[in-house]
Amino acid sequence: MKRTVLMLMVLLAVVTVQAADYTWDGGGIDNSWTTDENWTGDSAPNGPTGTGKVKLQSGNVEMGSDVDVAMTSHLYLGGAGSGLTGDAMLTVNGGTLNSTGGYAILGYNTTDTGTLNVNSGSTMTFSGLLGLGVGWNGKGAVDINGGTVNAARLYTSLKDVCPGGSSISIYNGGLLNIDGYARLANYDDEPAAGTLADSLIVDNGTLTVSQYLIAGPHGTMTVSLSGTGSINVTEYFKLGGASYSEALMTMTGGTLNCADLIVGGDGGGAGSLDLFDGIITADTLVMNAGGFMDIAGGMLVLDGNITDITAYGDVMANGGTGTFDYEYDMVNDTTTITAVPEPATLALLGLGGLLFRKNRR
């Protein structure tokens, strides 16, 4: 009997240790993740952490290539619940964190800001249902500079009390892979007046979403795609949502690939897409009542034989001063649509001798 009780006590102790949270207190001589004294209990979460949460409620934390964290719970960055408030920054330089059942929350309380910098050679994975939440009640920022972030889902500004201004930047070959869907400037409901716009910047990096992506379902969202950047969405890519929402996308390079491109929200929200350069490839185009598209450069490639893109809705060439050129590919059953400036504009550009195709509109 005594032996059984002893074994139960040992098992309970093991479970208790595994369930212990790791909370940053910055008590060490540096900002290193691996310095034990920087954590309450003087034990750094390097290696398996069991079900314990990692809470970086405030401070600047640096994770080097010697860090390899395996966890099943959540990472809190910038506030970590009631009574744990502050601004926190985690910079990952070659380290690895793999949360098989947890998620990351950046900016927990309304006054908190959480910033995650993932540099080249670093990998962060959050497989829990929420995935990556950039701005819970507060504000978040994710900067992927050559590193890799994997998440089950992606959100910015989850609650209606969020101040807005959350951001995601992907560049220098950085990768953000979302296994499920992405909802940017999500909120619970209509955000308060004066709420800042959230932003997504993809410049020489790649965002891949396995389901759908909505920019601005309940708030204001700006999207910028440039350089050799790429946004790949398996299902639909939508700009705009509820009647009070707004999503603005500017494309000066790169590629956008999706099944359905939807500009303007189903609920009447404003959505606009300015294509200055780069290639958009989609199966279909849907222009809702609040949607607007201006093609001034680059190419829009859609399925089918299309002869008048303006029939889809409010689509213009060069702000209304140009016309469209249509190239139908019979083999692939796709049409490539480009904008052609008016002759007066071409003359100003020194291109007055350019030949026009007969099928422009």
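The values are calculated or read from the model by the stated rules, or taken from the named source; none is laboratory data. Treat the numbers as computed from the prediction; the structure is a model and nothing was measured. Counting neighbours? That spans all protein chains shown, and the Cβs are built from the backbone with ideal geometry, glycine included. To get the accessible areas, we keep the full protein, side chains included, count just its heavy atoms, and leave off ligands, DNA and RNA. Shrake-Rupley method; radii C 1.70, N 1.55, O 1.52, S 1.80 Å.
Quick one: which residue in I306, I279 is farther than 17 Å from S230 by Cβ, out of contact with any helix residue (DSSP H, G or I) (no Cβ under 7 Å at 6 or more places or on another chain) and without any contact (Cβ under 8 Å) to a residue 40 or more places away in the chain? Give the steps one after another, and end with the answer.
Values: I279 fails: farther than 17 Å from S230 by Cβ.
Criteria check complete, one pass: I306.
Scanning region 315-345 for residues that are more than 23 Å from A270 (Cα to Cα), open to solvent by 60 Å² or more (accessible area, probe 1.4 Å) and part of a loop (DSSP other than H, G, I, E, B) yields a count of 5. Taking (1) in a strand (DSSP E or B); (2) surrounded by fewer than 22 Cβ atoms within 10 Å (Cβ to Cβ) in turn, M249 satisfies each apart from (2).
Select from region 83-98 the residues that are surrounded by fewer than 24 Cβ atoms within 10 Å (Cβ to Cβ) and either among the hydrophobic types (A, V, I, L, M, F, W, C) or part of a strand (DSSP E or B) (or both) and list them in ascending order. Don't jump to the end; show me each part of the working.
Taking region 83-98 and keeping what is surrounded by fewer than 24 Cβ atoms within 10 Å (Cβ to Cβ), we get 83-87, 89, 91, 93-94, 96, 98.
Scanning region 83-98 gives L84, D87, M89, T91, T96, N98.
In this entry, I168 is excluded by the filter for residues that are touching a residue at least 60 places away in the same chain (Cβ under 8 Å), surrounded by 19 or more Cβ atoms within 10 Å (Cβ to Cβ) and under 27 Å from G227 (Cα atoms). Filter region 129-154 down to the residues that are modelled with pLDDT of 95 or more and part of a loop (DSSP other than H, G, I, E, B), then identify the one that is surrounded by the fewest Cβ atoms within 10 Å (Cβ to Cβ). Applying the filter and picking the extreme gives N137.
Residues that are in contact with a Gly (Cβ under 7 Å, 6 or more places away or on another chain) and either assigned to a strand (DSSP E or B) or of a type outside the set (S, T, N, Q) (or both) within region 164-174 comprise G164, I170, Y171, G173, G174, listed in sequence order.
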